[in-house]
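Here the structure is laid out as structure tokens; the discussion comes afterwards.
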Amino acid sequence: MTCRSSIVQFRVISLCVRLAQQSAVAATQIENTHGLLLTAADFDLSDVLSFLNAVELASQLTSAPGGFKLLKQERITPILIGVLAFISSGQLPGRADDAELVMAAPFVGPALVGFFGKARCIDFLFFFFCFFLLIFFI
Amino acid sequence: MRASTNASGASTAMQSLVPVPLDILFACLGSDSERIVEVACEVSHLLTQLLPFESVVLQYKDYATAGLQHPLEAVRALALNVFDKGMDNDENALDLLVLGRPGVYYLLVADVRTQVQSGLFTVVLHSLADESTIVASQAANLIIKACNRANGLVALLQPEHVNLLLSLKER
């Protein structure tokens, strides 16, 4: 009667994101219970659907009080910036799943841009812009 | 007018049925015949609406637990639906689900962590892993409703429940 683990994983995270969206108190309480909300480990580049799910939930989390701060604390935004930068520059990190990421780039790229748009994180977009320029000139 | 009369008649008829031992009806939910289970499910749905949520949890807790773990999606959805209605209508619903008894939670919040759990809330949390998206979604909505109650989030974030959620997330 149970279903695939990655689906359950995102159901639990989705529940916690919905709860965190309800109030600042709820967000703080859930945040203090480490591991229930998104963590860096939930962004699995070897599974594109999982990765897209995680990005979608990260987008939803930014609308929760202190959600973006939490993403920064969990070192999630640097991961997303890195992936977006590599997709944009065409230079992917030396990983076993690079080929999958190249194929998934048309889906992952817009999802990441959408995330940063929702998060309205100008400082991170600026960082990304500078990073892209650096790679371009190198 | 006619519909209203019919509805009133149906309600009266159901109220007169309530004294019938519900154990027998709920036991039919465990039948091998899918058709019997379906009919029992429909009738149970109607009858449980007439019962106070407290008596569903206190008298028929075993059936409620079995219903949440039933192989048929319709029965699992029925059990969650009963809890959902209870959460809407009974102010002690959270206590009943988490502790298995009414009116204690608000008085003894500090001691709750050490008390024995009713198990029903734990089974609802397990339903997040249900193979049916509908049932899992119902469970999530029920948990959100429970957390909107006073101390609901405290109940969810008890170590036992957090460990269960983490094990579901990370298995």
Scope the stretch A:25-56; condition in a loop (DSSP other than H, G, I, E, B) and either in contact (Cβ under 8 Å) with a residue 24 or more places away in the chain or more than 11 Å from chain B (Cβ to nearest Cβ) (or both); matching residues: A:36, A:37, A:38, A:39, A:43, A:44, A:45, A:46, A:47
Candidates A:5, A:59 - the one that is more than 9 Å from chain B (Cβ to nearest Cβ) and of a type in the set (S, T, N, Q): A:59
Residue ID - farthest from residue B:153 (Cα to Cα), chosen from residues in the stretch A:10-24 that are buried (at least 23 other Cβ atoms within 10 Å of the Cβ) and more than 9 Å from chain B (Cβ to nearest Cβ): A:17
Within the stretch B:1-107, helices (runs of 4 or more DSSP H) holding 2 or more residues that are at pLDDT below 80 and small (Gly, Ala, Ser): B:2-17
Residue list for the stretch A:57-70, restricted to those being touching a residue at least 12 places away in the same chain (Cβ under 8 Å) and farther than 17 Å from residue B:169 by Cβ: A:59, A:62, A:63, A:64, A:65, A:66, A:67, A:68
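The values are calculated or read from the model by the stated rules, or taken from the named source; none is laboratory data. Remember, it's a predicted structure, so these values are computed and weren't measured experimentally. Virtual Cβ from ideal backbone geometry, glycine too; neighbours counted across all protein chains shown.
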